[in-house]
Amino acid sequence: MFTGIVEIVGRVASIEGRGGGVRLLVDAGDWAYRPSAGDSIAVSGVCLTHAPAAGDGAGLLGFDAVHETLNRTTLGDLRVGSGVNLEPSLTATSMLGGHFVQGHVDGIARVVEVQNAGGDWRTTFEADESLMPCVVPKGSIAIDGVSLTLATVDAAARRFSVALIPTTLELTTLVDLAVGDRVNIETDMIARTVVNYLKHWADGAVEGPSGGLTMEKLRDAGFLE
């Protein structure tokens, strides 16, 4: 579990093919955190296990990414020198500065517009239709592992935007995004759970308890348009 507050931007030092997957070495620079073998680390929003090996070198973090991970995330796009957002997993005493993030990527979105007018930096993304029910105006979303608040949502166009403050631009890879770039998306877990419940229970796909929550009831209450 993570909170979407990136601690440092690492750089991919090497990529070694292994079967259908890869082994990544990431240079964490002067990151004060020193993970142990088996620790979970969010790498641009993807929960990976730190798997050090002899000869990795000081300050280098080792990760194994299997074929499934490469297919479902942007880790397959990485090249030597690529920047990645790094965050250690939460502890019982960690600050919850963002929102709960699992490191389980729901899908990939593509940058369609980057606006920077007078310091107002706004980036717009286009995502698969399947993600949009979980993308809620003013709700939380993790983009490449960064906890952000949704500024606008256009469900019909499958687009949403976020406003990026100077601190986010300084401390994450989001400053480097350009039109056409792909990013990892993890929707808010509460929204995801509600949508999943409604999909499988509310419309009779699975026979469930009577009198439960339905899309119609949510619309009547003003939660949906």
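Would you call T91 within 21 Å of the chain's Cα centre (by Cα) and loosely packed, with under 11 Cβ neighbours inside 10 Å?
Values: within 21 Å of the chain's Cα centre (by Cα): yes; loosely packed, with under 11 Cβ neighbours inside 10 Å: yes.
When the stated conditions are applied, T91 passes them.
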Discussion item. Looking at segment 183-195 only, could you name the residues that are touching a residue at least 40 places away in the same chain (Cβ under 8 Å) and not in a strand (DSSP E or B)?
Written reply: D188, M189, A191, R192, V195
Worksheet item: So which residues in segment 115-146 are assigned to a loop (DSSP other than H, G, I, E, B) and surrounded by fewer than 18 Cβ atoms within 10 Å (Cβ to Cβ), if there are any at all?
Response: G118, G119, D128, P137, K138, G139
Discussion item. I need the full set of residues from segment 12-55 which are in contact (Cβ under 8 Å) with a residue 24 or more places away in the chain, part of a strand (DSSP E or B) and surrounded by fewer than 15 Cβ atoms within 10 Å (Cβ to Cβ), in order please.
Written reply: R18
Worksheet item: Just one of the numbered conditions (1) at pLDDT 95 or above; (2) surrounded by 11 or more Cβ atoms within 10 Å (Cβ to Cβ); (3) in a loop (DSSP other than H, G, I, E, B) is not true of G180; which one?
Response: (2)
Worksheet item: Among (1) in contact (Cβ under 8 Å) with a residue 40 or more places away in the chain; (2) not assigned by TED's automatic domain parsing to the domain that holds H50, which single condition is E129 missing?
Response: (1)
Item to complete: Test L75 against the criterion of being closer than 22 Å to I143 by Cα, out of contact with any strand residue (DSSP E or B) (no Cβ under 6 Å at 6 or more places or on another chain) and either hydrophobic (A, V, I, L, M, F, W, C) or assigned to a loop (DSSP other than H, G, I, E, B) (or both), and give yes or no.
Response: no
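The values are calculated or read from the model by the stated rules, or taken from the named source; none is laboratory data. On a predicted model such as this, the values are computed, not experimentally measured, just so you know. As a convention, Cβ positions derive from the backbone with ideal geometry for all residues, glycine included, and neighbour counts pool all protein chains shown.
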